[in-house]
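The values are calculated or read from the model by the stated rules, or taken from the named source; none is laboratory data. These numbers were taken from a predicted model, which means no experiment stands behind them. Cβ placement follows ideal geometry from the backbone for every residue including glycine, while neighbour counts extend to all protein chains displayed.
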């Protein structure tokens, strides 16, 4: 019997801005369902922002980014990516393994937020979206700073599933 080790991952989901504006709860439920189907532990899920896309994706010029940190077995990442491709609500996803320094920073942020719960509206994008697993726990106050673009490119080149 082998035990699977879970690793920390950062996922960036891209959804249509019009859909996110009209059915925010449905979009978040779709992302949570994809992640829960893959049996991951969602640590943090938040609207990251709305941006104009560099090029159209599925005839859409704007997109809403949703940032998520979760723990999962490496073999489940392909399942998540497959489910996103099959989803009509999610346009794209990028999943990167968070390095050890980022993992320590996230753990520190989660422990600090547990001591100081926030009272922010997730629908407005001001704070994190509570997950069913974290309903009994306080919400995360702020997002960890995004990694530098060069570090992400290096990480993407050395992805270890």
Seminar exercise, completed: Note on region 88-106: residues under 16 Å from the mean Cα position of the chain (by Cα), surrounded by fewer than 17 Cβ atoms within 10 Å (Cβ to Cβ) and closer than 19 Å to residue 23 by Cβ are 92
Problem set entry | region 56-69, residues that are touching a helix residue (DSSP H, G or I) at 6+ places or on another chain (Cβ under 7 Å) and touching a residue at least 60 places away in the same chain (Cβ under 8 Å) | 69
Problem set entry | Matching residues in region 28-55 - criterion: being part of a strand (DSSP E or B), more than 12 Å from residue 69 (Cβ to Cβ) and in contact with a helix residue (DSSP H, G or I) (Cβ under 6 Å, 6 or more places away or on another chain) | 50
For this session: Can you confirm whether region 65-77 contains a residue that is outside any loop (DSSP other than H, G, I, E, B), at pLDDT below 90, touching a strand residue (DSSP E or B) at 6+ places or on another chain (Cβ under 7 Å) and surrounded by 12 or more Cβ atoms within 10 Å (Cβ to Cβ)?
Result: yes
For this session: Would you mind finding the one in 161, 55 that is closer than 19 Å to residue 38 by Cβ and either at pLDDT 65 or above or surrounded by fewer than 15 Cβ atoms within 10 Å (Cβ to Cβ) (or both)?
Result: 161
Exercise. Out of all the residues in region 35-52, which are under 14 Å from residue 15 (Cβ atoms) and exposed (fewer than 15 other Cβ atoms within 10 Å of the Cβ)?
Worked result: 49, 50, 51
Exercise. Taking region 1-27 as the search range and keeping residues that are outside any helix (DSSP H, G or I) and without any contact (Cβ under 8 Å) to a residue 24 or more places away in the chain, which one is surrounded by the fewest Cβ atoms within 10 Å (Cβ to Cβ)?
Worked result: 1
